[in-house]
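**Student:** Have a look at this one.
The values are calculated or read from the model by the stated rules, or taken from the named source; none is laboratory data. The model shown is predicted, which means the values in this text are computed figures rather than measured ones. Here the Cβ positions follow ideal geometry from the backbone for every residue, glycine too, while neighbour counts run over all protein chains shown.
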């Protein structure tokens with residue numbers, strides 16, 4: 001199963017649309033947004049695709065974003081959540097709450113998750129943590145020199161970083 005990972009769109013609808021179209025065209029069956037959507041129109045771009053997201057530090061009106069996401073069928077995980085896809089447990093958080101990030105990256109793999117997805121830094125990275133899970137940040141679609149998203153094949157554990165043109 002291929003999943004598309006994006007983060008830090010900061011209300012930029014056209015590049016978000018371009019990123020989602022690219023991920024879906026490359027076979028993504030589920031989209032995960034790692035926070036800092038900022039606006040409802042970014043959520044609109046997720047409509048029609050199985051999708052989940054977490055809040056970031058720039059998602060100020062969380063109750064309104066949560067209600068809107070529910071009304072359009074997009075799964076809101078709050079500021080941290082774990083989802084299971086293709087038998088893999090994926091922890092998702094934005095990365096701005098260092099208490100959560102520290103707990104997820106430095107302690108033993110207590111929840112038994114396979115992947116940790118974060119955003120926040122606007123810098124892509126892919127690390128295998130000593131505690132077991134693979135920690136992936138897809139990069140950002142705003143305030144990044146190179147705007148990137150990621151495509152992860154859960155069956156082969158293959159990650160592909162994709163550069164997105166700012167249209």
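**Student:** Which of the residues that make up region 31-41 are surrounded by fewer than 24 Cβ atoms within 10 Å (Cβ to Cβ) and either in a helix (DSSP H, G or I) or touching a residue at least 60 places away in the same chain (Cβ under 8 Å) (or both)?
**Tutor:** Hits for region 31-41 are 40, 41.
**Student:** Within region 1-30, work out how many residues are crowded, with 23+ Cβ neighbours inside 10 Å and touching a helix residue (DSSP H, G or I) at 6+ places or on another chain (Cβ under 6 Å).
**Tutor:** Result for region 1-30: 4.
**Student:** Separate question: Restricting attention to region 47-75, and to residues there that are under 12 Å from the mean Cα position of the chain (by Cα) and assigned to a loop (DSSP other than H, G, I, E, B), which single residue is nearest to residue 140 (Cα to Cα)?
**Tutor:** Looking at residues that are under 12 Å from the mean Cα position of the chain (by Cα) and assigned to a loop (DSSP other than H, G, I, E, B), I get 56.
Yes/no matrix, rows are residues, columns are (1) modelled with pLDDT of 95 or more; (2) more than 24 Å from residue 39 (Cα to Cα):
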position	(1), (2)
53	yes, no
88	yes, yes
130	no, yes
135	no, yes
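**Student:** Quick one: which of 114, 97 is within 15 Å of residue 32 (Cβ to Cβ) and at pLDDT below 95?
**Tutor:** 114
**Student:** Within region 60-91, how many residues turn out to be closer than 18 Å to residue 20 by Cβ and in contact with a helix residue (DSSP H, G or I) (Cβ under 8 Å, 6 or more places away or on another chain)?
**Tutor:** 7
**Student:** How many of the residues making up region 134-152 are part of a loop (DSSP other than H, G, I, E, B) and either out of contact with any strand residue (DSSP E or B) (no Cβ under 6 Å at 6 or more places or on another chain) or surrounded by fewer than 22 Cβ atoms within 10 Å (Cβ to Cβ) (or both)?
**Tutor:** The total comes to 8.
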